[in-house]
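Participant: Starting off with a structure, shown below.
Each value in this text was obtained by applying a stated rule to the coordinates, not by laboratory testing. It should be emphasised that the depicted structure is a prediction, and the values quoted were computed from it without experimental measurement. Cβ placement follows ideal geometry from the backbone for every residue including glycine, while neighbour counts extend to all protein chains displayed.
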Amino acid sequence: MNAFRISTDPAELDVGLIHRFLSEHSAWARGIDRVRVERSLRHSLCFGGYLDGRQIAFARVISDYATFANLVDVFVLPPQRGRGYARDLMAAVMAHPQLQGLRRFTLATADAHGLYAQFGFTAPLRPQTLMERYVPDLYQRG
Ligand SMILES: CC(C)(COP(=O)(O)OP(=O)(O)OC[C@H]1O[C@@H](n2cnc3c(N)ncnc32)[C@H](O)[C@@H]1OP(=O)(O)O)[C@@H](O)C(=O)NCCC(=O)NCCS
């Protein structure tokens with residue numbers, strides 16, 4: 001049995017795996033400490049993807065569940081990439097009952113635009129209106 005299962009049950013999340021991927025292998029959260037990851041999970045809607053009971057994929061949504069959401073920390077473990085699991089995960093995110101009718105759903109991606117475009121994400125309509133405070137290497141500063 002090799003069915004891919006997606007769950008939003010926080011109790012099922014493999015926090016060690018998520019922390020390990022983000023801190024050691026992600027391009028965006030390298031060096032993040034486990035306590036900060038745990039806090040981020042507690043305050044987010046988290047989607048875990050499981051094969052044979054083992055977590056192989058993850059996505060995290062920060063939202064007010066009414067008007068706005070932001071999608072972050074999306075990953076599929078390297079051996080399982082290219083099999084449509086990120087697409088399945090994204091389909092679950094977009095279909096989630098608490099994420100309907102939002103006026104704006106944002107995300108940032110270095111190179112996976114093709115994945116998110118399939119779900120209606122585009123470059124910002126008015127980039128000149130968007131501002132941010134961003135410190136890309138924050139967690140590597142020790
Ligand atoms: C990006 C990532 C989540 C994709 O996972 P995946 O399971 O391999 O993706 P899928 O097999 O579900 O791909 C689904 C579709 O998205 C497209 N896609 C996936 N990754 C892509 C990428 N980097 N660039 C462009 N398109 C991509 C695939 O071509 C596929 O298109 P198709 O439906 O036309 O065949 C995975 O490569 C990953 O974990 N990367 C490292 C972490 C990362 O960069 N996350 C993104 C942060 S925003």
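Participant: Do any trypsin sites (Lys or Arg not before Pro) in segment 92-142 lie in a DSSP loop with no more than 16 other beta carbon atoms within 10 Å, and if so, which?
Facilitator: Passing sites in segment 92-142 are Arg103, Arg133, Arg141.
Participant: Here's something else I'd like to know. Considering amide H positions built from the backbone, and no H for Pro or chain starts, which residues 5 or more places from Thr106, or on another chain, come under 5 Å of its amide H?
Facilitator: Under 5 Å from the amide H of Thr106 lie the amide H atoms of Ala69, Asn70, Leu71, each far enough along the sequence or on another chain.
Participant: Among Val76, Val15, what is the fewest-to-most ranking by other Cβ atoms within 10 Å?
Facilitator: With the fewest neighbours first, Val76, Val15 line up as Val15, Val76.
Participant: So, one more: Okay, helix-only estimate at 222 nm for the chain: each DSSP H run of n ≥ 4 adds -39500 (n - 2.57), divide by all residues, round to 500 deg cm²/dmol; what do you get?
Facilitator: It lands at -6000 deg cm²/dmol.
Participant: Relative contact order for the chain: what is it in percent, counting Cα pairs under 8 Å that are at least 6 residues apart?
Facilitator: Relative CO of the chain lands at 22 percent.
Participant: Could you tell me what % of all Cα pairs in segment 4-125 have separations over 24 Å?
Facilitator: 22
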